[in-house]
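Worksheet: the structure to be examined is printed underneath.
Coordinate-derived values only; no laboratory data. Given the structure is predicted, the values throughout are model-derived calculations rather than measurements. FYI the Cβ positions are ideal-geometry reconstructions off the backbone, even for glycines, and counts take in every protein chain you see.
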């Protein structure tokens, strides 16, 4: 680990140097609890109290502006009482809430997260603004809906002649390492993976905005990215001196984000990924798994930078809610060597081999978040994980060159 560096966020650079971009303009803001400065003052508060900024509307992604809703739960329209401005939902704004949604959150998430219904910005939602600002911390993994929300918002701004500004933030799991398949586009494009980038992309949210705008949007947005100061590509989030804020209800820590590029794929199986525990994505299991045997098999593989420990847990929501699950906790011992995607493919293969009759893929959703059906098919055909991984090398090399001109750091 390198020594900590004082990183100045895009929002801080914007307020210090670029208020001219919004002078005499009505501003809309897409944000959530992760949108703060380095002193934990929210971007909403900063904008509301800065002379020269006319904050006219707020826009909430999945989990809402305040982060109060669970994964897959629709976010409704409201009005901010303190600021007396509208708060538009960018996640299910026109959907009728299902009273049983939280009881069936996994099914809700799988069915809703793969479509664009209820997530597109309608012209009426931006008619009273001139510029839309995006300030949300990303997780560094393709399968996170904030990326798609940003892309849809950029497209809406392009179509409605509005400016779009991204206030850049760090990639929390560094801006160098990449893993996993490139999404097969457009066949597997969805709200949980719009464009052909790898699972772990090694880019900041501002860099992704530039890549999307230049290569994939049907109409280019009037895009401005405000870079950070002091951030370097090799940095992990805890090397920035910035405070960590929960990115969503099931992304409580950097440890979670570190394992997420692999463990997220348990969502596409009948294995609990630890939602409803204090260690989501680090804990995994089911009521029918023999944790002792599982841990012995996984540790025998000796994957780099990680060890497994037998664990028991009872999810409070999601899969196996209220039932005792046996399984394991994943402990990263050396994150510089740890390969989250490859490790989780070993986990899935081990679970398949040990529990042939019980293990189940939710095939359509698994393939959507994977961005291809090939991985599941190869695992089902009993290919070694090394074979599966070798198939991605060429694609990652192509993407590494493809992304170069969009990098800011």
Of the DSSP beta bridges with both residues in the chain, give the percent that are antiparallel, rounding to the nearest 5.
-> 50 percent
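Going by average Cβ neighbours within 10 Å, how do the peptides 391-401, 224-234 rank, with the highest at the top? Each step should come with its number before you reach the end.
Working: 391-401: 14.1, 224-234: 17.9.
Highest mean packing first, the order is 224-234, 391-401.
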Burial order of peptide ranges 348-355, 136-143 (average beta-carbon count within 10 Å, highest first) = 136-143, 348-355
Between the alpha carbon centres of the range 238-308 and the range 175-234 the gap in Å comes to 24 Å
Volume per residue (Å³) of the convex hull spanned by the alpha carbons of the range 172-327 is 143 Å³
Most to least packed among 182-189, 193-200 [average Cβ atoms within 10 Å] = 193-200, 182-189
Over the Cα atoms of the range 357-409 the radius of gyration and the largest Cα-Cα distance (Dmax), both in Å, equal 14.8, 49
Can you give me the Cα centroid spacing of the range 134-156 and the range 354-409 in angstrom?
-> 21 Å
Principal axis dimensions, largest first and in whole angstrom, of the chain by Cα | 64, 47, 39
Helix 291-301 versus the longest principal axis of the chain: what angle, 0 to 90°, nearest 10, using Cα atoms?
-> 80 degrees
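Can you give the calculated 222 nm mean residue ellipticity of the chain, where each DSSP H run of n ≥ 4 adds -39,500 (n - 2.57) and the sum is split over every residue, rounded to the nearest 500 deg cm²/dmol? Spell out each step's value before the answer.
Details: 13 runs with 119 residues, N = 409.
Per the formula, -8500 deg cm²/dmol.
Can you sort 124, 297 from fewest to most other Cβ atoms within 10 Å of each residue's own Cβ? Don't jump to the answer; show the numbers that get you there.
On the way: 124 9, 297 18.
Sorted ascending by nearby Cβ count, the order is 124, 297.
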Over all Cα pairs of the range 273-313, how is the pair count split among 5 Å bins, expressed in % and running from 0 up to the last occupied bin?
-> 6, 23, 28, 25, 15, 3
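What is the Å³ per residue value for the convex hull set by the Cα atoms of the range 254-372?
Once divided by residue count, the hull of the range 254-372 is 96 Å³.
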Neighbouring Cβ atoms within 10 Å as the yardstick, rank 312, 244 fewest first.
-> 312, 244
Using the Cα gyration tensor of the range 191-278, the equivalent ellipsoid's semi-axes, largest first and to the nearest Å, work out to 27, 20, 11
